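Shown next, in structure tokens, is the structure this report addresses.
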Number of protein chains: 2
Amino acid sequence: MIATNAGRAPVVFDDVVMAARRLAGVVHRTPVMTSRDLDRRAGCRVFLKCENFQRAGAFKIRGAFNAMSQLSEDEKRCGVITYSSGNHAQAIALAGSLLGVPALVVMPADAPSIKAEATKAYGAEVVFYNPQTEEREAVAEKLGAGKGMTLIPPFDHPQVIAGQGTAALEMMEQVGDLDLMLAPCGGGGLLSGSAIALKGRLPEAQIIGVEPEGADNGNRAYRSGKIERIEQPRTFADGLRPKALGEHTFQIIRRCVDGMVTVSEDEIRATLDFLWNRMKLVVEPSAAVGLAPLFHGKLGATGSRVAVIISGGNADIDAVARWFRAEKA
Amino acid sequence: MIATNAGRAPVVFDDVVMAARRLAGVVHRTPVMTSRDLDRRAGCRVFLKCENFQRAGAFKIRGAFNAMSQLSEDEKRCGVITYSSGNHAQAIALAGSLLGVPALVVMPADAPSIKAEATKAYGAEVVFYNPQTEEREAVAEKLGAGKGMTLIPPFDHPQVIAGQGTAALEMMEQVGDLDLMLAPCGGGGLLSGSAIALKGRLPEAQIIGVEPEGADNGNRAYRSGKIERIEQPRTFADGLRPKALGEHTFQIIRRCVDGMVTVSEDEIRATLDFLWNRMKLVVEPSAAVGLAPLFHGKLGATGSRVAVIISGGNADIDAVARWFRAEKA
């Protein structure tokens with residue numbers, strides 16, 4: 001009988017531990033912030049893992065660097081390709097510049113120019129596609145294959161997932177025991193990585209994924225037991241608009257995550273307002289999503305110790321200011 | 001011969017040390033943030049003491065609580081009065097609520113309602129005056145005298161100054177040796193307190209005060225050797241608009257501060273942009289003023305270890321977003 005690893009889960013706790021070693025000295029050990037006002041409001045002790053202070057402004061560098069650092073010398077020479085108009089694009093660009101690996105990022109032609117500029121500033125090449133007529137995965141595969149490039153997708157990749165899990169791992173070192181962890185869910189990379197890290201170290205602790213109501217494909221998939229797709233996700237939280245979970249992230253979330261909840265746009269906005277105006281943190285709308293159920297007392301977490309991953313800080317200040325104005329109007 | 005303390009300076013290092021003891025467990029030990037990008041840009045190692053994360057959003061609670069906690073029981077019962085439409089108002093209100101001391105705050109009738117609301121939310125009473133026809137000091141004295149209240153002005157008070165100096169003291173515990181410290185200068189409370197703290201612990205280190213060009217009364221006073229007044233300070237940095245230094249702050253600045261510089265509105269704005277968009281810190285415009293000369297390479301601090309007091313985070317996000325837009329236009 002031949003031994004295979006076919007039965008092995010795509011990502012296990014040890015992968016997260018190994019990722020943390022690769023990332024040591026490369027990514028920031030981001031601070032954990034607390035607030036008496038927040039604790040009073042939530043009725044529990046809340047710890048915010050502030051990945052808005054991470055390099056390139058979000059947790060994404062953890063997964064990107066972890067995956068890219070394991071490429072062979074040949075693969076590194078040929079470079080990597082990805083598709084993203086958001087934080088993963090900048091993360092791949094930064095990881096590429098740190099590792100000396102050429103990076104090509106496929107972006108929709110209507111992406112905000114500031115995002116393309118930021119990605120180029122980290123040294124990546126940006127190629128635009130027409131989101132009306134082309135699928136980004138297909139564009140990336142076609143472009144990359146011709147050049148022998150390795151595709152590193154934004155979430156559905158074991159080493160990306162393992163890397164994202166290091167934020168939760170680090171957080172447990174910083175704050176000790178936890179009863180509950182909350183993470184926002186877009187494509188599920190952060191949530192699935194965090195779940196593996198949490199269950200590996202604190203098997204009794206629970207983890208809940210949070211989505212905007214208008215982008216609740218993960219909640220639906222969690223309930224139906226199969227990947228669900230939303231063609232037009234509707235939310236101001238631009239980082240949480242992937243149309244569906246990936247194969248890997250779905251399997252991990254189904255197996256390791258204890259629940260999925262949704263929050264309304266008003267709940268996201270009020271939470272974002274608190275994070276900016278009271279806690280003085282520049283965070284992007286997606287980053288408020290993980291905190292929102294707690295902030296609105298929707299979880300019955302009274303008296304417990306709760307960790308929330310604040311995923312990133314790449315916010316368009318002008319857009320956020322307009323959004324706050326709409327709230328007051 | 002009778003011993004007197006007539007020759008004693010109004011504030012000495014020991015006053016700051018004592019203030020720090022009174023404030024222990026009451027105020028936050030705010031974090032010190034750093035940035036490789038910032039260091040590269042400034043050509044030196046920069047440490048930002050983030051008082052935007054302080055209770056009530058600014059360093060002001062340090063001075064307010066230090067002064068109020070030393071009142072006699074009788075004085076506490078009669079309450080305190082102050083004049084401020086800014087961070088000192090909220091600080092007095094919060095310190096009052098922590099110490100059980102009634103607080104009355106005199107504000108101009110045209111102060112943003114959000115500031116009056118925030119002050120009331122901490123439990124203070126707010127009385128408005130007409131800034132066209134009345135002087136705030138006179139209004140406060142008249143109102144307070146009738147009720148036996150103690151006046152605690154926003155900066156020109158020895159125990160307020162000693163309290164403000166505790167941010168610098170704390171910072172030296174956090175980062176160790178320093179060559180230079182920068183602090184913004186409005187009425188001079190933060191600058192003079194910081195100077196006493198710095199010189200008491202690191203006599204060789206230098207401290208420089210920074211003002212906006214349109215509110216440079218401190219620079220003028222430093223050069224002329226007498227208090228200088230500007231009737232209409234012009235700057236977006238609303239926390240730095242006092243018309244003149246106080247008697248105490250002027251004397252301390254003249255004696256202990258090594259230099260005063262100014263920065264333009266464009267320099268403040270570019271620094272604020274970096275703090276928000278790159279460092280993900282919600283800081284108020286005044287808080288960017290201390291960093292601005294370093295950020296623009298105006299100090300020749302190459303290779304040194306430089307501390308900057310980030311004074312507060314009570315920014316109007318809408319106004320800041322508009323100000324950033326003006327920069328790009």
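The values are calculated or read from the model by the stated rules, or taken from the named source; none is laboratory data. Keep in mind that this is a model prediction, so the values were computed, not measured. No Cβ is skipped: glycine too gets one built from the backbone with ideal geometry, and neighbour counts run over all protein chains shown. Heads up: the accessible areas ignore ligands, DNA and RNA and are worked out on the full protein's heavy atoms, side chains in. Shrake-Rupley method; radii C 1.70, N 1.55, O 1.52, S 1.80 Å.
Which aspartates and glutamates, if any, have their Cα less than 15 Å from the Cα of A:K199, not counting same-chain residues under 8 positions apart?
Partners within reach: A:D14, A:D15, A:E170, A:E173, A:D177, A:D179, A:D258.
Which value, in Å², gives the accessible area per residue of the protein assembly as shown when a 1.4 Å probe is used on the protein heavy atoms?
Using a 1.4 Å probe on heavy atoms only, each residue of the protein assembly as shown averages 40 Å².
Set the bar at 31 Å for Cα to Cα. Now go through A:K298/B:K76; A:K60/A:K142; A:K49/A:K147; B:K147/B:K226; B:K49/B:K120 and name every pair that lies beyond it.
From the list (A:K298/B:K76; A:K60/A:K142; A:K49/A:K147; B:K147/B:K226; B:K49/B:K120), the Cα-Cα distance tops 31 Å for A:K298/B:K76; A:K49/A:K147; B:K147/B:K226.
Placing a label point 7 Å from Cα toward Cβ, how far apart in nm is B:E213 from its equivalents in the other copies, listed shortest first to one decimal?
With the label placed 7 Å along Cα→Cβ, B:E213 yields 5.1 nm.
Which chain A residue hugs the A-B rotation axis most tightly by its Cβ, and what is that distance in angstrom, to the nearest whole number?
Taking the axis that maps A onto B, the answer comes out as A:A321, 2.
Viscosity 1.002 mPa s, temperature 20 °C: give me the Stokes-Einstein translational D for segment A:61-151 in µm²/s, with Rh taken as the Kirkwood radius over C-alpha pairs.
168
Per Stokes-Einstein, at 10 °C and 1.306 mPa s, what whole-number D in µm² s⁻¹ belongs to segment A:234-329, with the Kirkwood radius over Cα pairs as the hydrodynamic radius?
Calculated translational D: 109 µm²/s.
Write down, largest first, the equivalent ellipsoid semi-axes of segment A:7-125 in whole Å, where each equals the square root of 5 times an eigenvalue of the alpha-carbon gyration tensor.
29, 21, 13
If one takes the accessible area of chain B alone plus chain A alone and subtracts that of the pair, with a 1.4 Å probe, what total in Å², rounded to the nearest 100, results?
Buried: approximately 1900 Å² between A and B.
Debye sum, Cα scatterers, segment B:190-253, no solvent: what log₁₀ I/I(0) at q = 0.21, 0.29 1/Å?
-0.85, -1.27
Between the chain alone and the structure with every protein chain in place, find the residues of segment A:20-57 that drop at least 50 Å² of accessible area; heavy atoms, 1.4 Å probe.
Those are A:R36, A:F53, which lose 50 Å² or more relative to the chain on its own.
Can you tell me the Rg and Dmax of the protein assembly as shown, counting just the alpha carbons, in angstroms?
When restricted to the Cα atoms of the protein assembly as shown, Rg and Dmax are 26.7, 104 Å.
Where the accessible area of segment A:183-329 is counted over protein heavy atoms with a 1.4 Å probe, how much of it, in %, is carbon and sulfur?
45
Given a 1.4 Å probe and the protein chains all in place, what does the accessible area of A:K147 round to, in Å² to the nearest 10?
The value for A:K147 is about 110 Å².
Keeping all protein chains in place and using 1.4 angstrom, which order do B:Y83, B:Y122 fall into by accessible surface area, from largest down? Write out the running numbers ahead of the final one.
Values: B:Y83 25, B:Y122 60 Å².
Largest accessible area first, the residues go B:Y122, B:Y83.
Over segment B:61-151, with every protein chain in place, what whole percent of the accessible area is carbon and sulfur at 1.4 Å, could you tell me?
51
If ligands, DNA and RNA are left out, what is the accessible area of B:C44 with a 1.4 Å probe, given in Å² to the nearest 10?
Counting only protein heavy atoms, the figure is 10 Å².
Compute the projected area of the convex hull of the Cα atoms of chain B, averaged over all viewing directions, and report it in nm² to one decimal place.
With the hull built on Cα positions only, its mean projection is 17.3 nm².
Taking a label point 7 Å from Cα toward Cβ, how far is A:H28 from its twins in the other copies, in nm, shortest first?
So the label point of A:H28 gives 1.5 nm to the other copies.
For the full complex of protein chains and a 1.4 angstrom probe, list A:R41, B:R40, A:R325 by accessible area with the highest value first.
The residues order as B:R40, A:R41, A:R325, largest area first.
If each residue of separation counts as 0.36 nm, what is the full-extension length gain between A:S72 and A:S264 once their alpha-carbon separation is subtracted? Walk me through the numbers on the way to the answer.
Details: separation 192, 0.36 × 192 = 69.12 nm, distance 4.44 nm.
Difference between extended and current length: 64.7 nm.
Specify the inter-centroid distance of segment B:184-211 and segment B:73-104, based on alpha-carbon positions, in whole Å.
Each part reduced to its Cα centre gives a spacing of 26 Å.
When each copy gets a label point 7 Å from Cα toward the beta-carbon at B:E75, what are the spacings between them in nm, shortest first?
Result for B:E75, in nm, nearest copy first: 7.0.
Tell me which GluC sites (Glu not before Pro) from segment B:183-253 have a DSSP coil assignment and no more than 12 other beta carbons within 10 Å of their own.
For GluC sites (Glu not before Pro) across segment B:183-253 that sit outside H, G, I, E and B with at most 12 neighbouring Cβ atoms in 10 Å, the list reads B:E204, B:E231.
Residues of segment A:281-322 that become at least 50 Å² less accessible with every protein chain present than in their own chain isolated, using 1.4 Å: which are they?
The answer is A:V282, A:I317, A:D318.
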